[in-house]
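Each remark here refers to the structure printed beneath this line.
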Amino acid sequence: MDVTWLDSNSWLLTVGQQRILLDPWLVGDLVFGQQAWLFKGKHPQPLALPTDIDLILLSQGLEDHAHPPTLAALDRSIPVVASPNAAKVVKHLGYHHVTVLDHGEQFTLNQRVTIKAVPGAPIGPTVLENGYILREAETGLSLFYEPHGFHQPNLQAEGPLDVVITPAVDLKLPLVGPVIRGQQGALELVNWLRPQVLLPTADAGQVTYSGLLLNLLKVEGDLQALQAAIDQQGLSTRVLAPKVGKTLTLDLVQPEPITGQG
């Protein structure tokens, strides 16, 4: 299993020999609702669009997960698996093969990878976006992704999982509370899922941000504090620090095969 962090929430995953582009923001600026004065993200160094993509996987319909300029630059024939809100974005852009996954539903990619949607981050008072569990058919290795650190207690039944991609720092707004649950959410996942590896997401590697919202956001926590908290609980999960654009081949112990089943 290989992973490449493409900054912010964007990842290129090689799972079950399938190349999966996750929540890509790779070209153009990141602006919410055309309000650049409020928040704007920029790539100081343009990222090349990955090639030979087997699937685009989208967790949310917001611009930092379903980024319209990036999706418009990609091949519309690439299959997409998406939350209901994200599916609206890619359908509007003319993508030909879009699978909508509601919570609990599953998709199989070329008989090599299963992708299951689970409840993710709240968007407004009534909508929960998606997290995903990916499993390699051949090896049984598994990966969990949710970009805001929100998850439901019943996720524990899916464990153990081998790799977790989740925020490692908290982002909080006055009067609103956590926008991203980093330290607490990550520790919950480590206790629930007992992953071999934890990879931080939603951080800024090379991207830069501007706008009024930055003056209000409070950032708490870091990778070192998270690893220390994990170690203090006697758990063996390794927190890795990926570099933008550098592929990591994850050194994972494969699950023991289940005996007695054909």
### Message
Could you give each residue of region 57-65 its phi-based ³J(HN,Hα) in whole Hz, using Karplus coefficients 6.51, -1.76, 1.60 with θ = phi - 60°, and x for Gly or Pro?
### Response
10, 10, 8, 9, x, 5, 4, 7, 10
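Rounded to the nearest 5, what % of DSSP beta bridges with both residues in region 2-249 are antiparallel? Mind showing how you got there, number by number?
Numbers: 41 of 59 bridges.
Just about 70 percent of them are antiparallel.
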### Summary
Per GNM of the chain with C-alpha springs under 10 angstrom, the most fluctuating residue out of ILE78, ILE165, ILE56 is ILE78
### Query
What lysines could a cross-link reach from LYS246, if we take a straight Cα to Cα line under 23 Å and drop same-chain neighbours fewer than 8 places away?
LYS42
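For region 107-157, what does the relative contact order come out to in percent, with C-alpha contacts under 8 Å and a separation of six or more? Working shown, then result.
Working: 85 pairs, mean separation 16.6, N = 51.
Over region 107-157, the number comes to 33 percent.
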### Query
What net charge is computed for the residues neighbouring LEU62, neighbours being all others with C-beta under 13 Å from the C-beta of LEU62, Lys and Arg scored +1, Asp and Glu -1?
-3
### Task
Note down the magnitude of the dipole of the chain about its Cα centre, charges +1 on Lys and Arg C-beta and -1 on Asp and Glu C-beta and zero elsewhere, to the nearest 20 debye.
420
### Task
Give the range of the longest stretch in the chain that excludes all GluC sites (Glu not before Pro) found in loop regions by DSSP and having at most 14 other beta-carbon atoms within 10 Å.
139-262
#### Entry: Residue among TRP11, TRP25, TRP192 with the largest mean-square fluctuation in a Gaussian network model of the chain, springs linking Cα atoms under 10 Å
TRP192
### Query
Between THR208, THR139, THR14, which gets the highest mean-square fluctuation from a Gaussian network model of the chain, Cα cutoff 10 Å?
THR208
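Calculate the FRET efficiency for ALA72 and ASN191 from the Cβ-Cβ distance with a Förster distance of 35 Å, rounded to the nearest 0.05. Write down the numbers at each step before the final one.
On the way: r = 40 Å, r/R0 = 1.15.
Efficiency, rounded to the nearest 0.05: 0.30.
Only the coordinates and a few stated rules stand behind these numbers; no lab work does. Owing to the predicted nature of the structure, the values given are computational and were not obtained by experimental measurement. All Cβ positions, glycine included, derive from the backbone under ideal geometry; neighbour counts span all protein chains shown.
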